[in-house]
1. Could you grab me the full set of residues in region 49-88 that are of a type in the set (Asp, Glu) and under 19 Å from residue 100 (Cα atoms)?
2. Please go through region 70-85 and pick out each residue that is more than 9 Å from the ligand (Cβ to nearest atom) and of a type in the set (Lys, Arg).
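Quick note: the coordinates plus some simple rules give every number you see, no bench work behind them. These numbers were taken from a predicted model, which means no experiment stands behind them. Here the Cβ positions follow ideal geometry from the backbone for every residue, glycine too, while neighbour counts run over all protein chains shown.
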Amino acid sequence: MPNRGGIPLYKLEYKMKKMSLWLTIFALVSLAGCSKTDNYAPPENASGEDIFYANCTKCHKPETGSVMALSSSMANKDAIIQKVQKGSMGMTAFPNIKGEPAQRLAEFILANSKTK
Ligand code: HEC
């Protein structure tokens, strides 16, 4: 059947390919955009609880008796501090929560969380 649409098929195909390339790039960029960095730096004397309620409850809603449900691989101070500083696809990174305040934050979470 003759193509009377004006745009030759091979050109249409090329356009579609270009479009899906852009869609892919766009999807990748917006995914990467989910992981953010928060430059909040806690006061030197902030308690773990202060830091938690100032930054984490936006996303982690504490339930009665437990601020978080930790997977067993996360149930130690190092893993928690790593997670806080590095973040993830879904979680904001807090590179400036470090040193003593980071230790206190991790202790607070460990002491007040369930382990899954
Ligand atoms: C923008 C939302 C957001 C904020 C703010 C946030 N988190 Fe998260 N957090 C997540 C998401 C989503 C996950 C699950 C995905 C993952 O493990 O990375 C998570 C996972 C975690 C985990 C791992 C839990 C497990 O056992 O797998 C810990 C620990 C944690 N967050 C601690 C914190 C602390 C502490 C703060 C505050 C300093 C904080 N988060 C702030 C979204 C957030």
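1. If the condition is that a residue be of a type in the set (Asp, Glu) and under 19 Å from residue 100 (Cα atoms), then 49, 50, 78 are the ones that fit.
2. Residue satisfying the conditions is 77 alone.
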